[in-house]
Amino acid sequence: MSNYSIKHLEEYYQVYRKSIRDPENFWSEIAEEHFMWRKKWDNVLSWDFSKPEIKWFEGAKLNITENCIDRHLATKGDKTAILFEPNSPDEAAQHITYRRLYERVNQLANVLKDHGIEKGDRVCIYLPMIPELAISLLACARIGAVHSVVFAGFSSNALSTRINDSDCKMVITSDGSYRGAKTIDLKGIVDVALDECPSVKDVLVVNRINSDITMKEGRDKWLQPLLDKASMECAAEIMDAEDPLFILYTSGSTGMPKGMVHTNAGYMVYTAYTFKNVFQYKENDVYWCTADIGWITGHSYIVYGPLANGATSVMFEGVPSYPDFGRFWEVIAKHKINQFYTAPTAIRALAKQNIDFPEKHDLSSLKVLGSVGEPINEEAWHWYNDVIGKKKSPIVDTWWQTETGGIMITPLPYVTPTKPTYATLPFPGIQPALMDENGEEIKGNQVDGRLCIKFPWPSMARTIWGNHQRYKETYFTAFKDKYFTGDGALRDEVGYYRITGRVDDVIIVSGHNLGTAPIEDAINEHPAVSESAVVGFPHDIKGNALYGYIILKETGESRIHDNVRKEINQIITEHIGPIAKLDKIQFTSGLPKTRSGKIMRRILRKIASRDMSNLGDTSTLLNPEVVQEIKDNVL
Ligand code: WT7
C-alpha cells in the first residue's frame, strides 16, 4: 500500500525515507493505485543527468483528462469541478460540475479537431481567467495537442515570440478581458502579434466582454457557435507517458524565454500527489489558488493537480483590489474556502490595508494557507498567520519552479511544524543538495549554499522546446550530475530549508520571474540609449522592484530625462508587458565593468539597494571612477 495521504510527522519521515531508498517502487505504487492507465509502464525510471535524459513510466499509455475528468463521473458527476468567480461581484458565480466539464472539454476538443489540430500540434492559449481557459488546456490534452499558455498580461511582442518559438498552429483568445474596473483589448493584442506569426492558421475567439472587434476573414471565428454544434463526446487520444503535455515559457537570465516542456505521466502523478498532501484536500473541501493559469502555479494547482483528485477548484477572474481590498476575504466567506493559496506580494499589499477588510468577513472555513512565488518575509508571514489564519491554519510556504512542475520543498499542514520564512522539508521523492562555489556538496546542518536537486522526480521539465543544448547548459552544467535551481538556500539545525533568493540574473518581481537580459534588450531599442543594466532592489510590496542604470547616447540634442524615462517604460511594456517596468531609472555616464567587459551587477545591486557600505574591491574594475558617480546620483 502506498501512503498517498500523509497524516503525521513520523509518517512523513517514513514515507520520505522509503522514497529515497527505493524511488522506483515508491513512485510505481503511487502511480498504480491512484491513477487510470490504458497500459502500465515497462520501466519506472531511466535517467542520465549528463545528457540530460529523464524518462518516467516509459511504455505507459494514458490520457490525463481521463484521470482529471472521466474517472470521476460515476461518483462525482454532480460535484463542482470548477467554481468560477467573475471579476465583478455582481455577476453570478458559476458551478461547473464534473459532468459539464466533461461535455465542455469534449466539445472544444471536437472543434479543435475540426480545425485540423492533431496530436503533437501546438496550440497557443491567450485567455483571461475564465472557464474557457481551463477548458482549453484540457481540450488540448484530450486530443494530445500541446498547449502553450501565454499569460494574458503579456504584450503582443512577447506573445508573437512565444508563438513563433513553438510554431503554434492556432490561438485561442477572447475579445477582451475584465481587470477590476478596466477592460483590456486582448484581441487587438493578438492581431498585432499575428502579423509576425506565419504558423497560425486559425484564431478561436471567446466572447467575454461583448466588444466590437475586427474578425479577420478566413482566420478568426467566434468560438461559441462552433461549440454549440459540436458533439459532447470525444474519445481521448491515447498518449505515451513521455509525450509532451504542454510548453510553458519562463524567463532566463539571458536571451529568449525558455519553453519548458512537461510530459504526461510524471507530471500527472506528481502534481496530483503533491496537491493531495500539501493542501490535505478532503472530499467536499473548496480549494482556491489565486494564481493565473498563465503561470505554472495555475497549470499544476488550479487545473491538473486538483482535478486529478476530484477536487473543487476555484477560478477567480478578478484582482484583490476590486471593488475594494476586501475582495479575497469576501470570496473566502462566500464560497467557504478551505484551502487558500496565494503569493507573498498579494499578502504584503493586503496587509497594508485597513484591518477591517479581513475582519469584516467570516474566514472560519479556512484550514490551510499557502504561499508561493518568492520568499515570504517574516512580517507578511505573521500577518497571514495571525490575521487570516487566526493562528489555526498552518501556512505552507511552497518552494518550486516552472521547471520543477510541482511543489518541491514545503511543510505538510498539520504534519510539519512550520517556521516563519522556512519552506521546511523536501516533499517525498525530492533530494535537495546545497553546493559550494567549488562544486562540492555541503553536508550537515546550519549551512548555506546553492540549491541543487540530486535525483530526478516525476514532474521535472524534460527539455527546452527546440533547444536541448540550452536545457543542459542552464540546469545541468553548473554542478555535475545535479539539477541546479538558480536559487540559494540555507539549511537550519533541524534540516529545514529556507530559500534565500536567486543567485543568477533572474529577478522575482511580485512573484513574476523576470530575466534582466530581455528587459535590457528592450531598453536598448530606445534610440537615445547606448547601454543599460537592470538590477533588483527590495520593495515592500513587490518583494523586488527593478532599477535601471542607463547610458544615453551623445546626440547633441538635450532630451528631457523624464520623457526618456516614460518612453523606456513604454518600450518595456510593448516588448514584455507592464510587469517588467522599471521603478527607478538612473542616468549615468558609465557602468562598472570588469577588465573582460562584464558588468559588475553585484555593485549595481548594492547601490540600488542603498547598501553602500561594502561594495568590495572596486580597484580592479576597468573604470573604478564611475562607482562614485553612480553612488552620488542614486535615486
Ligand atoms: C522561482 C521560480 C513556482 C511557481 C511560481 C514561480 C522563487 C518560488 C518560492 C518560495 C522562495 C520562491 C524561486 C524560484 N520561488 N516559490 N516559496 N520561497 N522563493 O515559478 O516563475 O518559475 O519562479 O520563484 O526563486 O526559483 P517561477
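A few notes on this one:
- Within the stretch 17-117, helices (runs of 4 or more DSSP H) holding 1 or more residues that are surrounded by fewer than 17 Cβ atoms within 10 Å (Cβ to Cβ): 23-34, 73-76, 98-114
- Among the residues of the stretch 236-278, those identified as part of a loop (DSSP other than H, G, I, E, B) and either touching a Cys at 6+ places or on another chain (Cβ under 9 Å) or of a type in the set (S, T, N, Q) (or both) are S251, S253, T254.
- Hey, G294 in contact with a helix residue (DSSP H, G or I) (Cβ under 7 Å, 6 or more places away or on another chain), surrounded by fewer than 24 Cβ atoms within 10 Å (Cβ to Cβ) and not in a helix (DSSP H, G or I) or not: no
- Under the condition of being more than 8 Å from the ligand (Cβ to nearest atom) and not in a strand (DSSP E or B), the residues counted in the stretch 504-516 number 4.
- Pairing each residue of the stretch 574-593 that is in a helix (DSSP H, G or I) with any residue that is among the acidic types (D, E), provided the two are 6+ apart or on different chains, yields C-beta distances under 8 Å for H575/D521; H575/E525.
- Verdict on P131 being surrounded by fewer than 24 Cβ atoms within 10 Å (Cβ to Cβ) and without any contact (Cβ under 8 Å) to a residue 40 or more places away in the chain: no
- Filter result for A272 (among the small types (G, A, S), touching a Gly at 6+ places or on another chain (Cβ under 7 Å) and more than 12 Å from the ligand (Cβ to nearest atom)): yes
- Being within 14 Å of the ligand (Cβ to nearest atom) and small (G, A, S) is a condition met by no residue of the stretch 428-447.
- One residue from G488, G495, G501 being of a type outside the set (S, T, N, Q), part of a strand (DSSP E or B) and on the phi > 0 side of the Ramachandran plot: G501
- Residues (in contact with a helix residue (DSSP H, G or I) (Cβ under 9 Å, 6 or more places away or on another chain) and either under 21 Å from A545 (Cα atoms) or not in a loop (DSSP other than H, G, I, E, B) (or both)) located in the stretch 614-629: L615, V627
- So Y496, is it within 16 Å of the ligand (Cβ to nearest atom), of a type in the set (F, W, Y) and in contact with a strand residue (DSSP E or B) (Cβ under 6 Å, 6 or more places away or on another chain): yes
- Any hit, the stretch 459-469, residues being within 15 Å of the ligand (Cβ to nearest atom), among the hydrophobic types (A, V, I, L, M, F, W, C), closer than 28 Å to V535 by Cα and outside any loop (DSSP other than H, G, I, E, B): yes
- If you go through the stretch 392-403 and pick out every residue that is surrounded by fewer than 24 Cβ atoms within 10 Å (Cβ to Cβ), free of Cβ contacts under 8 Å to residues at least 60 places away in the same chain and within 9 Å of the ligand (Cβ to nearest atom), you end up with 0.
- Note on the stretch 424-445: among residues that are polar (S, T, N, Q) and in contact with a strand residue (DSSP E or B) (Cβ under 7 Å, 6 or more places away or on another chain), the one that is surrounded by the fewest Cβ atoms within 10 Å (Cβ to Cβ) is N445.
- Residues (touching a residue at least 40 places away in the same chain (Cβ under 8 Å) and not in a loop (DSSP other than H, G, I, E, B)) located in the stretch 595-613: I599, R601, L604, R605, A608
- The stretch 406-423 - residue that is among the β-branched types (V, I, T) and either more than 15 Å from V368 (Cβ to Cβ) or surrounded by fewer than 24 Cβ atoms within 10 Å (Cβ to Cβ) (or both) and, of those, farthest from the ligand (Cβ to nearest atom): V415
- Answer from I541, I519 - the residue that is in a helix (DSSP H, G or I), more than 12 Å from the ligand (Cβ to nearest atom) and at pLDDT 90 or above: I519
- Within the stretch 522-535, the set of residues being over 24 Å from the mean Cα position of the chain (by Cα), assigned to a strand (DSSP E or B) and either near the ligand (Cβ under 9 Å from one of its atoms) or surrounded by 18 or more Cβ atoms within 10 Å (Cβ to Cβ) (or both) comprises V529, S532, A533.
The values are calculated or read from the model by the stated rules, or taken from the named source; none is laboratory data. Worth saying up front: this structure is predicted, and the values here are computed from it rather than measured. With ideal geometry, Cβ positions are generated from the backbone for all residues, glycine too; neighbour counts draw on all protein chains shown.
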